[in-house]
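Engineer: Structure below; questions to follow.
The values are calculated or read from the model by the stated rules, or taken from the named source; none is laboratory data. Here the structure is a predicted model, which means the values were calculated and not measured. Cβ sites come from the backbone with ideal geometry, for glycine too, and all protein chains shown count toward neighbours. For accessibility, only protein heavy atoms count, side chains too; no ligands or nucleic acids. Shrake-Rupley method; radii C 1.70, N 1.55, O 1.52, S 1.80 Å.
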Amino acid sequence: MRKNSLLKGLVGAAFLFGATISAHAADTLAAVKAAGTMKVGTETAFAPFDFIDAGEHVGLNVDLFNEIGKELGVKIEWVTLPWDGVFPALEAGKFDVVAGPATITKKRMERYRFTPPLAEATIAILKKAGDQTINKPEDIAGKKIGVGKATAQLDQLKEFSETLPTKVDIREYPAFTESYADLAAGRIAGVANSLPNIAFVAKQREGTFEVVQPPFGKKSYFGFIGLKDADHAPLMDAIDAAMLKIKADGRMATLQKKWFGASFDTPDSVKDPAF
């Protein structure tokens, strides 16, 4: 009898412990609020979203997550790392959500959940100012073009390259800042990145870089990324609601104008990405 009672007690304790862990895991939003902090992962080499200026982490993401934090009643704790390590770190639970942002694609939506878009992400080419050999996107055929490693821009550049008479000599970089340095030094002929990013870079370094018009990629948008499971659904629902409120009351447009010089007409959600 004592053995049976002991066995029942152990089973009951294990059940309660498991239930406690499960309840905690399923209540990510409550855990974030209880801690008073939301951990946000990103890289800091993707201006104007995230970058280092005079030793300080700044950008649209910083300002926007500060507003999201106010809506949720929590502080933001930033976790920075190279972009190709962001998604594995998210799945490993190193942080609650990814700022990035990332281009919303069909493939990514199968694995991750995206917030409402915060900016357009259509891809274009940045060239050296005065380079008359590249006047339209098709002129990059056979040329060395830099692009970020493990990015949606890389996928689109590869797809575009297949349509050209001579394939693009694609050079992958861990961070876009390195590709801009090589472009300025003449080691590559251009950089493929989202139009908002390269427009910002061209504006900051007027006389050094120019944007090649028109963009060559399919119409796309940037969103923040979270895990696509029931455990994180409450947190992602809260972030979505906060972002839509920030968009509706004009704060989103104000931040877009601050960092891009213009606001974007973005949908409240993307159900069927262009690629």
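Engineer: Considering only residues that are surrounded by 17 or more Cβ atoms within 10 Å (Cβ to Cβ) and more than 18 Å from the chain's Cα centre (by Cα), which ones fall in segment 192-203?
Structural biologist: If we filter segment 192-203 for residues that are surrounded by 17 or more Cβ atoms within 10 Å (Cβ to Cβ), which is where we start, we get 192-202.
Listed by number, the list holds a single entry, ALA202.
Engineer: Search segment 166-186 for residues that are touching a residue at least 40 places away in the same chain (Cβ under 8 Å) and pair each with any residue that is open to solvent by 70 Å² or more (accessible area, probe 1.4 Å) and assigned to a helix (DSSP H, G or I) when their beta-carbon atoms are under 9 Å apart and the residues are at least 6 apart or on different chains.
Structural biologist: PRO174/ASP84
Engineer: Moving on to the next point. Going through LYS70, LYS107, LYS39, LYS94 one at a time, which residue ends up being at pLDDT below 95, basic (Lys, Arg), assigned by the TED database to the domain that holds ASP229 and out of contact with any Lys or Arg (no Cβ under 7 Å at 6 or more places or on another chain)? Please lay out each step first, then the result.
Structural biologist: Details: LYS70 fails: at pLDDT below 95; LYS39 fails: at pLDDT below 95; LYS94 fails: at pLDDT below 95.
Residue meeting the stated conditions: LYS107.
Engineer: Based on what the data block shows, is LYS271 within 21 Å of the chain's Cα centre (by Cα), assigned to a loop (DSSP other than H, G, I, E, B) and without any contact (Cβ under 8 Å) to a residue 12 or more places away in the chain? Give the derivation first.
Structural biologist: On the way: within 21 Å of the chain's Cα centre (by Cα): yes; assigned to a loop (DSSP other than H, G, I, E, B): yes; without any contact (Cβ under 8 Å) to a residue 12 or more places away in the chain: yes.
Yes, satisfied.
Engineer: Answer yes if at least one residue in segment 204-225 is surrounded by 14 or more Cβ atoms within 10 Å (Cβ to Cβ), part of a loop (DSSP other than H, G, I, E, B), under 18 Å from the mean Cα position of the chain (by Cα) and not charged (D, E, K, R), and no otherwise.
Structural biologist: yes
Engineer: A further question follows. Any chance segment 128-138 includes a residue that's within 24 Å of the chain's Cα centre (by Cα), of a type in the set (A, V, I, L, M) and surrounded by 15 or more Cβ atoms within 10 Å (Cβ to Cβ)?
Structural biologist: no
Engineer: Please find, within segment 219-231, the residue that is farthest from GLY93 (Cα to Cα) out of those that are touching a residue at least 60 places away in the same chain (Cβ under 8 Å) and out of contact with any Ser or Thr (no Cβ under 7 Å at 6 or more places or on another chain). Outline the logic, then answer.
Structural biologist: Initially, segment 219-231 is screened for residues touching a residue at least 60 places away in the same chain (Cβ under 8 Å), giving 219-228, 230-231.
After this cut, where a residue has to be out of contact with any Ser or Thr (no Cβ under 7 Å at 6 or more places or on another chain) as well, the list is 225-228, 230.
On the way: ILE225: 13, GLY226: 11, LEU227: 10, LYS228: 13, ALA230: 15 Å.
For segment 219-231, the residue satisfying everything is ALA230.
Engineer: From the list ALA242, ALA253, exactly one residue is open to solvent by less than 60 Å² (accessible area, probe 1.4 Å), of a type outside the set (Lys, Arg) and closer than 19 Å to GLU120 by Cβ. Which is it? Break it down stepwise before answering.
Structural biologist: On the way: ALA242 fails: closer than 19 Å to GLU120 by Cβ.
Only one candidate passes the filter, namely ALA253.
Engineer: Within segment 232-263, can you find the residues that are among the acidic types (Asp, Glu) and closer than 30 Å to GLU91 by Cβ?
Structural biologist: Going through segment 232-263, the residues among the acidic types (Asp, Glu) turn out to be 237, 240, 249.
Of everything in segment 232-263, those that are among the acidic types (Asp, Glu) and closer than 30 Å to GLU91 by Cβ turn out to be ASP237, ASP240.
Engineer: When residues of segment 150-166 are filtered for being part of a loop (DSSP other than H, G, I, E, B) and either surrounded by 14 or more Cβ atoms within 10 Å (Cβ to Cβ) or on the phi > 0 side of the Ramachandran plot (or both), how many remain? First the steps, then the outcome.
Structural biologist: Step one: filter segment 150-166 for residues part of a loop (DSSP other than H, G, I, E, B), giving 150-151, 162-166.
Pick out the ones that are also either surrounded by 14 or more Cβ atoms within 10 Å (Cβ to Cβ) or on the phi > 0 side of the Ramachandran plot (or both) and you get 150-151, 164.
Residues in segment 150-166 being part of a loop (DSSP other than H, G, I, E, B) and either surrounded by 14 or more Cβ atoms within 10 Å (Cβ to Cβ) or on the phi > 0 side of the Ramachandran plot (or both): 3 in total.
Engineer: Of the conditions (1) touching an Asp or Glu at 6+ places or on another chain (Cβ under 8 Å); (2) outside the structural domain of GLN153 (by the TED database), ALA202 fails just one. Which one is it?
Structural biologist: Status for ALA202: all satisfied but (2).
Engineer: When segment 241-268 is examined, which residues are found to be outside any loop (DSSP other than H, G, I, E, B), touching a strand residue (DSSP E or B) at 6+ places or on another chain (Cβ under 9 Å) and among the charged types (D, E, K, R)?
Structural biologist: none
Engineer: How many residues does segment 230-256 contain that are of a type outside the set (A, V, I, L, M, F, W, C) and more than 19 Å from the chain's Cα centre (by Cα)? Walk me through how you get there before you give the answer.
Structural biologist: Residues of segment 230-256 that are of a type outside the set (A, V, I, L, M, F, W, C), as a first pass: 231-232, 234, 237, 240, 245, 247, 249-251, 254, 256.
Next, from what is left, pick out any that are more than 19 Å from the chain's Cα centre (by Cα): 231, 234, 245, 249-251, 254.
Summing the residues that are of a type outside the set (A, V, I, L, M, F, W, C) and more than 19 Å from the chain's Cα centre (by Cα) in segment 230-256 gives 7.
Engineer: Say whether the condition of being of a type outside the set (A, V, I, L, M, F, W, C), on the phi < 0 side of the Ramachandran plot and modelled with pLDDT of 50 or more is met by at least one residue in segment 8-19.
Structural biologist: So the first thing to find is which residues in segment 8-19 are of a type outside the set (A, V, I, L, M, F, W, C), and the list is 8-9, 12, 18.
From what's left, on the phi < 0 side of the Ramachandran plot: 8-9, 12, 18.
With modelled with pLDDT of 50 or more added as a condition, the list becomes none.
The answer is no, given that none of the residues of segment 8-19 is of a type outside the set (A, V, I, L, M, F, W, C), on the phi < 0 side of the Ramachandran plot and modelled with pLDDT of 50 or more.
Engineer: Being open to solvent by 20 Å² or more (accessible area, probe 1.4 Å) and of a type in the set (Gly, Ala, Ser) is the filter here; which residues of segment 89-122 pass it?
Structural biologist: Across segment 89-122, the qualifying residues are ALA92, GLY93.
Engineer: Does any residue in segment 33-49 that is more than 13 Å from VAL62 (Cβ to Cβ) and open to solvent by 20 Å² or more (accessible area, probe 1.4 Å) come within less than 7 Å, Cβ to Cβ, of a residue that is of a type in the set (Val, Ile, Thr) and in a strand (DSSP E or B) six or more places away or on a different chain, and which pairs are these?
Structural biologist: From segment 33-49, the pairs are LYS39/VAL79.
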